[in-house]
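What follows is a short report on a single structure.
The values are calculated or read from the model by the stated rules, or taken from the named source; none is laboratory data. All of these numbers come straight from a predicted model, not from anything done at the bench. Ideal geometry is used to build each Cβ from the backbone, glycine not excepted, and the neighbour counts take in all protein chains shown.
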Amino acid sequence: MNLIDRYLHEVGRYLPRKNRADILAELRSTLIDTLEGRIQGPASGASEEDVAALLKEFGPPQKVAASYSGQGQYLVGPALYPLFRLIAGIVLASVVGAQLLALVVLDLVGGQPIQPWETLAKVLNSIPAAIGWLVITFAILQWFDVRPELDEGPWDPRSLPEVKETETVKRGECIFGIVGGTLLLAFLNFFPERVGFFSFPGGPFFANPVIVQYLTWINLALLAGIALNIYLLWRSRWTTAGRLARIVVNVISIFVLALLFQGHNAWLAEHGAGNFLSSVEMFSADPAANAGLVGMQAFRLAFGIALLVLIIDTAAQIFRLVRSVLIGGPTPETLEA
Amino acid sequence: MNETEFSDLYTNLTQELRRGVLVLATLSQLREAKYGYALINSLAERGLEIDQGTLYPLLRRLESQGLLESAWNVEGSRPRRYYALSPLGARVLDALCADWRSLTGIMDNLLESSSNHKEKI
């Protein structure tokens, strides 16, 4: 009998509190009924072997308890999971996006230079924390068995989104990206001293010191871009993984462009030409000495525009990703840039 | 496919097939109140073996759906929980019986035509 008590105690540990006593009482009565049926006599006459054999047949306590929990035990169950996935995507994009945005703003307005490694560590640390809070929130909802109200109105098959070409990756763009990226990579690394500009046709060459300074980061962004294009070419269709990869690569590029932009800012400020007008004034006063200023202004402007374009593109990509996860289908052509 | 894979697949499919009929089988035996052990025996006597780990959770589910009613009976040598069809359960059982008969008719037809086809080949 002792074995049965121990068995029931162990089963009880895994049962929901609400029905525990009731289930255990029923299980006890069943076990004894079965035992008596087997030995054809009162349970008190059963040997320990008889009881052990019976319990072995019933199965391990955890398994027996689990069979009472109906649809299984979940931290975040199937009813909540689609919502969880959607919100996780939004939360992650916002957490990472907000940090990068804050950083760029602090850098541009507050004049606090970006620290690449610190930034990376901060962003990486914030991801598990965000996911953790999200899981805790959903686990609480699951505990109280909250079920999201699904929109179950009448469904019309004609409302299905049309399959558009936007689902397929544009091969030309990918090949252009790979070739262009490789050429740029080769040029920057083999001829770093040739990265710059002629102040005027036939004039002296001015090497851009900022680009060379951040060459490692530029290489990283270019390599990531090339890898992404190879992947997209290989998949040939836009998938969730592809869109996510593009967002990641864009974020890396935004980061590197912000570094370059900030680097040009610092260089220009150092040379007494923080704004465009002062460079023009200095240039017209002494063209030979200040030839570099206008060129550096142009570089800064180009990086600034690229930064802006990339941020908009990334926002659009995130929107498309969320949309495709939400709808689970292709995105309309109107969203394609 | 080797023998083990075949047997795993086959076991899975039979279990799935059986799972579908267990509700009907259980309801059919509860027009009069029975406790779990007696119910298992009564099903086994008629050729349907059911695992205890399957039956008890099933009984609770059917009760929570309002198809069964249960009560503890403390008159015997030990307390036992007796289950019986509720009025709703009795109605559902009648309807399911009709479905079952029509389904077996359809299945017989299907299987017969399939085995005829096999013979021709």
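For B:Leu111, indicate whether it is farther than 21 Å from A:Glu36 by Cα and surrounded by fewer than 12 Cβ atoms within 10 Å (Cβ to Cβ). For B:Leu111, the condition - farther than 21 Å from A:Glu36 by Cα and surrounded by fewer than 12 Cβ atoms within 10 Å (Cβ to Cβ) - is met. Every condition in (1) outside any helix (DSSP H, G or I); (2) within 23 Å of B:Ile50 (Cα to Cα); (3) of a type in the set (Gly, Ala, Ser) is met by A:Gly41 except one, and the failing one is (2). Among the residues of the stretch A:11-55, those that are of a type in the set (D, E, K, R) and at the interface with chain B (Cβ under 10 Å from one of its Cβ atoms) comprise A:Asp22, A:Glu26, A:Arg28, A:Asp33, A:Glu36.
Tally up the residues in the stretch A:56-72 that are assigned to a loop (DSSP other than H, G, I, E, B) and either buried (at least 19 other Cβ atoms within 10 Å of the Cβ) or within 11 Å of chain B (Cβ to nearest Cβ) (or both), please. Number of matching residues: 6. Of all residues in the stretch A:293-303, those satisfying the criterion of being touching a helix residue (DSSP H, G or I) at 6+ places or on another chain (Cβ under 9 Å) and either of a type in the set (A, V, I, L, M) or farther than 14 Å from A:Trp267 by Cβ (or both) are A:Leu293, A:Val294, A:Met296, A:Leu301. If you go through the stretch B:67-121 and keep only what is in a loop (DSSP other than H, G, I, E, B) and either modelled with pLDDT of 95 or more or under 23 Å from the mean Cα position of the chain (by Cα) (or both), you end up with B:Leu67, B:Ser86.
The residue of the stretch B:1-53 that is nearest to the other protein chains (Cβ to nearest Cβ), among those that are among the aliphatic types (A, V, I, L, M) and not in a helix (DSSP H, G or I), is B:Ile50. The residues listed here are A:Asn219, A:Asn229; of these, the one that is closer than 23 Å to A:Thr119 by Cα and either part of a loop (DSSP other than H, G, I, E, B) or modelled with pLDDT of 80 or more (or both) is A:Asn219. Test B:Leu68 against the criterion of being touching a helix residue (DSSP H, G or I) at 6+ places or on another chain (Cβ under 7 Å), closer than 30 Å to A:Ala25 by Cβ, within 14 Å of another protein chain (Cβ to nearest Cβ) and among the aliphatic types (A, V, I, L, M), and give yes or no. It is true that B:Leu68 is touching a helix residue (DSSP H, G or I) at 6+ places or on another chain (Cβ under 7 Å), closer than 30 Å to A:Ala25 by Cβ, within 14 Å of another protein chain (Cβ to nearest Cβ) and among the aliphatic types (A, V, I, L, M).
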